[in-house]
Structure formats: structure tokens, C-alpha cells
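This report concerns only the one structure given below.
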Amino acid sequence: MARRIREFNWADHPFGRPETWPQSLRSAVGICLHSAFPTAIYWGSELRLIYNDAWSHIPGPRHPAALGQPAKEVWSDIWHIIEPQFSQVIEKGAGLSLSDQLLPMERFGYPEETYWSYNFTPIHEEDGGIGGVFNSGMETTRDVLIQRQMQFVLHLEEQLATLSEPVEIRRHMMRMLQKMLAPVEVGLCLFDSKGQGEVLTAEPGDEYAMPDELWAWAKRDFLDGRALVLHDVASESAFAGFDMPERFRTGGFLAVPIVRGGIVRAVLFAHCSTTCHWNAFDEAALEKCLEVSDKFVELAMAIEREETIKREVDHRAKNLLAIVRSVVRQTTAKDVPTFRAQVNDRLTALARVHSMLAASNWTEIELMDLISQELAPYGADKAKRICVKGPSIRLNAQDAQTISLMVHELTTNAAKYGALSRLDGQLTIGWEIDAEGSLMFSWEENCPGFDPSAVLDSAPGFGSVLLNRVAERQMGGKLDRRAAPGVLRYRLSIPADSALRLGATMSSGEPKQKGYGGEKSVLIVEDEIIVAFDLEEMVGEMGHRVFGVASSLDGALAKISQGRPDIAILDLNLSGESSLPLAEKLARNGVPIIYSTGYEVVDGLPGMPEAARIVQKPMAQEDLARTIADLTGQPN
């Protein structure tokens, strides 16, 4: 700047040649040029500019033409702000200092939000008058915007901490960002593991689908974690051939991604209808908003997962207690030690299958694994005495528990009386899928000297009844027993369509006793066959008739299409399927409903009939009887 000042044509300038300048101006210029701080001098009635190298970047492309020019021309965009400040200094003869003063400049052809800390100091001439103003200062835009961003993020975190729904957390974030960056539209594109994206808008119902071509075009940047910054979409020739809505063909566009495991998980974007010169702080604002909202969404989802796990643990525990209670109720024996042994054996079998289900995360287990586990205690030579073969068949949790008890009963009988009770016995277990897709299961015991008729002719116990119900009710199949000297054979055929798990049956048995206020027909919908078995017994003991038993929603709907029960006992969760659609249909037909559930809190579920009653598992017969009496208006 010293060189520029020396080479400047001052002869034709209002200041005249430098040697004619007043001493006060020459001294001020000397101080200015030797200062390492951004410094300028505004001199004369028009406040014409002289400045140093440190100050030269401040006017942007107006430098070097700003040298010697009036302040009103150089700073036409902010003159309405600084002119009163100059006037105050000159009129009062006292300096003025400002901190973080907003000066909305247009140095580069577009509006800039800039902040400055500077001072104006009067320069006195030899006669005591004020000849000009000495100016020094520095830009504080970065500090101001960082502070503002920090305050915004703190406020955002305070707001999001009060919300618990992921969608509302994201929408509230976008509304706050929209307000801060106004006027812009804000959207959030969430991607699944397959790369399919869905746009969430700040307000429900807004249509704001971004073109797939735009995402594809920016994918490489996003995968590298880079933002997409477009000040003017119309100037991007790459977009010319894109099939884009008219609203996206103009204006500015800014998008920032979240990338995890090499996959773009989310992109937060802002669109301005006019050309928008985004800066680093706009980009940082989007990044921070996405980061903060994602943190609170993760927290909300973790809390929800924890609550779900707690409810599920409670539900499974109560379901298991209901099964245990049913096993105990259905176990009969001639004396207490025998009763205790039988109950202990059956609960041990349940514990084994629960360990297997836990290891599989309560999804599915192999039939082969289940049978092998049950047969494991029968000696190192079992490979010579036991043959098990069949294709891979995976059982869900409900079927696994029931079938494990069925296999346990067969194994226990074989160990007491049949093939596993002596060293020369042979046990063959097999299954196969026939041409029609039906499952054929066989259990055959060969044991010389064994008379199976005593087992078959005895009164049906828990094992026999369970076997019948599993075969005919839960699986919709057919059980065939055959016996000959030294041979006992079970053949179970399960039709292919049992995969639908209709499980609907009709009971025509007579009630065991009267005394609860008149017979009613009761529909039982329960996916745990042992619990359903127990409910049938309780309903009969109350003096009521079982209208039908179903283990699935389809099975229950098929059953009520044939008639109308007087009352329905419904499990809320049928192998992961809600029974609420069935409840709605029954309620429309005026059928009172009792919910049997292991879940602690189920009130207010969408679709639940208002008049429905809830009885927690394990269900006591007295509670069930009282609830039926209340719903049917009978004396208890």
C-alpha cells in the first residue's frame, strides 16, 4: 500500500500532492502504514480512504480502487449504518468503539452477514479542527456465528430432550433449523440398508420428494462424508438433463450426510428458492442439527427398546408361569412323591427347551436339536439303540415348547416301560415331507418281551392327552397308534396347510360340573397349546361349554364364521400377531371379550373394545369365573 500511495496520481485528486498534505494527515498515514493491525484513514469532508495492507482485504474486490475514494461510494451497502457513526465522532470530537457490529455487506455481488469490532478516532488538524477519522478494527463474523451456533445447539438439545418419538424429534429439529436459516425449506432423507430413501418433512403432509437423479449424482460426495453445496442449481450444467420438478431447477441447495459402515444413513438438506450463497456456518449448522437429532433419536429408540425388552421379559415370564401352572394342574399321580417327580421332569423339559430358545434369541430351533437334547441322558451307547433321522425343520417358540413336552412324555414312557428301559430295546424316530408337502412323523419302539397294551389301555394321562391335542388341534393332523408284542408305534401326519396354523377345533364334551350360573359357549384363542388345554379344563369345570379353540387369528376367524360364541377369551399376542382385529369383529357382534395376556399394561391399545376385560397370566380359575360372571350378568 505504501507503493500504491506513492504511485497514485494525487495531482488530480482533491487531496493534492502528498508534499502539500497537512502534517496531521502525513503523521496519520505514517502510523497507518506501519501498523500490523487493519487500519484506515477517512479524510476530508468526503471521508476519502487511505489504508494499509492489513486492511486491504476488508473491502474485497473494491480494493485497490477504494484508495482515495469517498466512504459513501466505497461503503454504499452499509453507509446507512456507518454514516451516523462518522457524524457522531466528527461532531463530538470523541472516539467511538463498537463490538460485533452487524454490517450486511455485498462485496462479492451477494448479501453477506458480517460482524466487526472497530473504533473511530478523530484526527485533529493543526488549527484544532477535525480533518478526518482514524479507523482500526477486525472482523468477528466467525466468533459471532460460532457463538450463535452454540446457543442454537444448546436450545435445540433442550427442546429435543423433551420429546420421545423419533419422527417428532426429527421434525422439531427441522422446524428449528428452518426458522434459523429462513427463508428455506428443510427435509431429511432416511435410507435403509438397501439404499432406499424416504423423505421426512418438517410438517406432516408436506410433499417434498427429492429427485433420485440428484441423490445418485451426489452419492460419491455423500459416501466420502462431504456436503453437497450448490449456490445456484440453474448454473449446474450436470442438472440440465435431470427429470426434476420445476421447484428444484432454481435456487440454492445444501445437503449434508451421515455415513455409517460405508452406507449413507441420512441426508439433511435445505433448499432456497433463490440463489443462496451458503457459507461454512450454514453447512456446520446442518451437520450439527443432524448429529444432535440423531443422538436423541438413538436415545429415544434405546429407551423404547429397553421398555420393550422389559415388557417382553414380563410377558414371557407370565406366559411361562401360565404353562407351568397348566402342567401342574394337568399332572395326576397316585401319591405325592410320584406327583413331585412328574412335575419336576416336565419342568426340567421346559427348562431345556427354554435354554435352546434363549440361545437362538427366541426365534426358531431345529426339531433335530430338540429331540437330541431330550434323548441326551440315555447313555453313551445310545447311538446303537436310538436312530433319529429327518430333514431340517425349524420350530417357532410356541411349537418348540409344546413339542418338547410331547417328546418328553414319549421319551419318559419309553424309559419307564419301553425301548429305553432295557439294553436290547431299539428306538427309531423319523420324519419326512411327502410329495404333497405334508409332514409325516414316526416314533417306533422295538423291545422283545414288552407288552405295550398295558400302556395303551391305561387311563389317558397328561402325555396322551397332550399328544392328541398337539396332533389334532395345534397341527390339524392325525395320530395313529399301533401296538403288537414287543412293538409300539406312533404315526403323526400333519397336512401341508397346517403352516397357516389354523388350529381351530370344536369341543362337544359335556361340562364337568355346574354351579357358575348357567352354561355359556366360550371361544378360546391361545397360541400356547398347554395353556389352551388348561383353559378348556377350567371352562368345563365352571359349567360352560367350549365353543372352539384356535391358536391363530385365521383359525379364530374361520371358527366364528360358523357361529357366534357367548363369550371369547383371547390371547393378545398370537405368535407375534395381534388379536385386535378379531376383537373388533367380535365386539361388533356383541360378544363380550376377556383378554388373557402376560403384558402388564395393555389398556388403551388402538382397536381394543372399550368393554373388554383383562385377566393377567397366569390366570386363576376364580378370577376367570368372576370375570365371565360379570360380563354375562350372572351371579358369581
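Does region 439-468 hold any residues that are at pLDDT below 80 and small (Gly, Ala, Ser), and which are they?
GLY449, SER453, ALA454, SER458, ALA459, GLY461, GLY463, SER464
Would you mention how many residues in region 585-612 are modelled with pLDDT under 85, in a loop (DSSP other than H, G, I, E, B) and either crowded, with 22+ Cβ neighbours inside 10 Å or polar (S, T, N, Q) (or both)? Quick ask: steps written out before the conclusion?
Initially, region 585-612 is screened for residues modelled with pLDDT under 85, giving 596-612.
Of the ones still in play, those that are also in a loop (DSSP other than H, G, I, E, B) are 598-612.
Checking which are either crowded, with 22+ Cβ neighbours inside 10 Å or polar (S, T, N, Q) (or both) leaves us with 598.
Number of matching residues: 1.
Hey, VAL292 hits all of (1) out of contact with any Cys (no Cβ under 7 Å at 6 or more places or on another chain); (2) outside any helix (DSSP H, G or I); (3) β-branched (Val, Ile, Thr) but one; which does it fall short on?
Unmet condition: (2).
Confirm whether SER551 is surrounded by fewer than 23 Cβ atoms within 10 Å (Cβ to Cβ) and either modelled with pLDDT under 90 or closer than 20 Å to ASN396 by Cβ (or both).
Working: surrounded by fewer than 23 Cβ atoms within 10 Å (Cβ to Cβ): no; either modelled with pLDDT under 90 or closer than 20 Å to ASN396 by Cβ (or both): yes.
Answer is no for this residue.
Quickly run through region 554-578 and pick out the residues that are in contact with an Asp or Glu (Cβ under 7 Å, 6 or more places away or on another chain) and at pLDDT 85 or above. I'd like the intermediate steps shown before the answer.
The first filter runs over region 554-578 and keeps only residues in contact with an Asp or Glu (Cβ under 7 Å, 6 or more places away or on another chain), leaving 571, 574-575.
Hit for region 554-578 is ASP571, nothing else.
Residue check, SER326 against (1) touching a helix residue (DSSP H, G or I) at 6+ places or on another chain (Cβ under 9 Å); (2) open to solvent by 70 Å² or more (accessible area, probe 1.4 Å); (3) among the polar types (S, T, N, Q), all met but one. Which one?
Of the numbered conditions (1) touching a helix residue (DSSP H, G or I) at 6+ places or on another chain (Cβ under 9 Å); (2) open to solvent by 70 Å² or more (accessible area, probe 1.4 Å); (3) among the polar types (S, T, N, Q), the odd one out for SER326 is (2).
Condition first: open to solvent by 90 Å² or more (accessible area, probe 1.4 Å), touching a residue at least 24 places away in the same chain (Cβ under 8 Å) and in contact with a Phe, Trp or Tyr (Cβ under 7 Å, 6 or more places away or on another chain). Can you find one or more residues in region 59-79 that meet it?
Taking region 59-79 and keeping what is open to solvent by 90 Å² or more (accessible area, probe 1.4 Å), we get 72-73.
This time we only want the ones that are touching a residue at least 24 places away in the same chain (Cβ under 8 Å), so: 72.
So of that shortlist, the ones also in contact with a Phe, Trp or Tyr (Cβ under 7 Å, 6 or more places away or on another chain) come out as 72.
The answer is yes, given that some residue of region 59-79 is open to solvent by 90 Å² or more (accessible area, probe 1.4 Å), touching a residue at least 24 places away in the same chain (Cβ under 8 Å) and in contact with a Phe, Trp or Tyr (Cβ under 7 Å, 6 or more places away or on another chain).
Please enumerate the residues belonging to region 557-584 that are surrounded by fewer than 21 Cβ atoms within 10 Å (Cβ to Cβ), within 31 Å of the chain's Cα centre (by Cα) and in a helix (DSSP H, G or I).
Matches in region 557-584: LEU580, PRO581, GLU584.
Would you confirm whether or not region 81-96 contains a residue that is outside any helix (DSSP H, G or I), exposed (fewer than 12 other Cβ atoms within 10 Å of the Cβ) and touching a residue at least 40 places away in the same chain (Cβ under 8 Å)?
no
Restricting the first residue to region 35-47 and requiring it to be more than 15 Å from GLY16 (Cα to Cα) and open to solvent by 20 Å² or more (accessible area, probe 1.4 Å), which pairs with a second residue that is assigned to a strand (DSSP E or B) and not hydrophobic (A, V, I, L, M, F, W, C) meet a Cβ separation below 6 Å and a spacing of at least six or different chains?
PHE37/SER136
Give the residue that is modelled with the lowest pLDDT, with candidates limited to residues of region 503-526 that are within 18 Å of LEU624 (Cα to Cα) and either of a type in the set (Phe, Trp, Tyr) or surrounded by 24 or more Cβ atoms within 10 Å (Cβ to Cβ) (or both).
If we take residues in region 503-526 being within 18 Å of LEU624 (Cα to Cα) and either of a type in the set (Phe, Trp, Tyr) or surrounded by 24 or more Cβ atoms within 10 Å (Cβ to Cβ) (or both), then TYR516 is modelled with the lowest pLDDT.
Which helices (runs of 4 or more DSSP H) does region 337-418 wholly contain that include 3 or more residues that are more than 21 Å from MET440 (Cβ to Cβ) and not aliphatic (A, V, I, L, M)?
In region 337-418, the matching helices (runs of 4 or more DSSP H) lie at 382-385, 397-416.
What number of residues in region 285-315 are buried (at least 16 other Cβ atoms within 10 Å of the Cβ) and of a type outside the set (S, T, N, Q)? Steps first, answer last, please.
Step one: of region 285-315, the residues buried (at least 16 other Cβ atoms within 10 Å of the Cβ) are 285-290, 292-294, 296-297, 300, 315.
Retained after the next criterion (residues that are of a type outside the set (S, T, N, Q)): 285-290, 292, 294, 296-297, 300, 315.
The total comes to 12.
Quick one: is ILE123 in contact with a Phe, Trp or Tyr (Cβ under 9 Å, 6 or more places away or on another chain), within 30 Å of ALA40 (Cα to Cα) and surrounded by fewer than 16 Cβ atoms within 10 Å (Cβ to Cβ)? Walk me through it before giving the result.
Details: in contact with a Phe, Trp or Tyr (Cβ under 9 Å, 6 or more places away or on another chain): yes; within 30 Å of ALA40 (Cα to Cα): yes; surrounded by fewer than 16 Cβ atoms within 10 Å (Cβ to Cβ): no.
When the stated conditions are applied, ILE123 does not pass them.
Take region 422-441 and flag every residue that is open to solvent by 50 Å² or more (accessible area, probe 1.4 Å) and either in contact (Cβ under 8 Å) with a residue 24 or more places away in the chain or over 20 Å from SER493 (Cβ atoms) (or both).
Selection gives ARG422, LEU423, ASP424, GLN426, THR428, GLU432, ILE433, GLU436, MET440.
Residues PRO38, PRO59, PRO84: which one is closer than 20 Å to LEU103 by Cβ, in contact with a Gly (Cβ under 7 Å, 6 or more places away or on another chain) and not aromatic (Phe, Trp, Tyr)?
Unique residue meeting the criteria: PRO38.
Here's a check for you: in region 99-120, which residue that is among the polar types (S, T, N, Q) and over 20 Å from ARG48 (Cβ atoms) is least open to solvent (accessible area, probe 1.4 Å)? Don't jump to the end; show me each part of the working.
At the first step, the residues of region 99-120 found to be among the polar types (S, T, N, Q) are 99, 101, 114, 117, 119.
Going one step further and asking which of them are over 20 Å from ARG48 (Cβ atoms), we end up with 99, 101, 114, 117.
Values: SER99: 93, GLN101: 43, THR114: 3, SER117: 32 Å².
Across region 99-120, the extreme among qualifying residues is THR114.
Based on this model, can you work out whether VAL144 counts as open to solvent by less than 50 Å² (accessible area, probe 1.4 Å), at pLDDT 90 or above, over 15 Å from CYS289 (Cβ atoms) and assigned to a helix (DSSP H, G or I)? Walk me through it before giving the result.
On the way: open to solvent by less than 50 Å² (accessible area, probe 1.4 Å): yes; at pLDDT 90 or above: yes; over 15 Å from CYS289 (Cβ atoms): yes; assigned to a helix (DSSP H, G or I): yes.
Yes: the conditions hold for VAL144.
Among the residues of region 10-34, write down those that are open to solvent by 90 Å² or more (accessible area, probe 1.4 Å) and more than 19 Å from GLU125 (Cα to Cα).
Within region 10-34, ASP12, HIS34 qualify.
The values are calculated or read from the model by the stated rules, or taken from the named source; none is laboratory data. Not measured: the values here are computed from a predicted model. So basically every Cβ, Gly included, is an ideal-geometry build from the backbone, and we count neighbours across all protein chains shown. Keep in mind that these areas ignore ligands, DNA and RNA; they rest on the heavy atoms of the full protein, side chains included. Shrake-Rupley method; radii C 1.70, N 1.55, O 1.52, S 1.80 Å.
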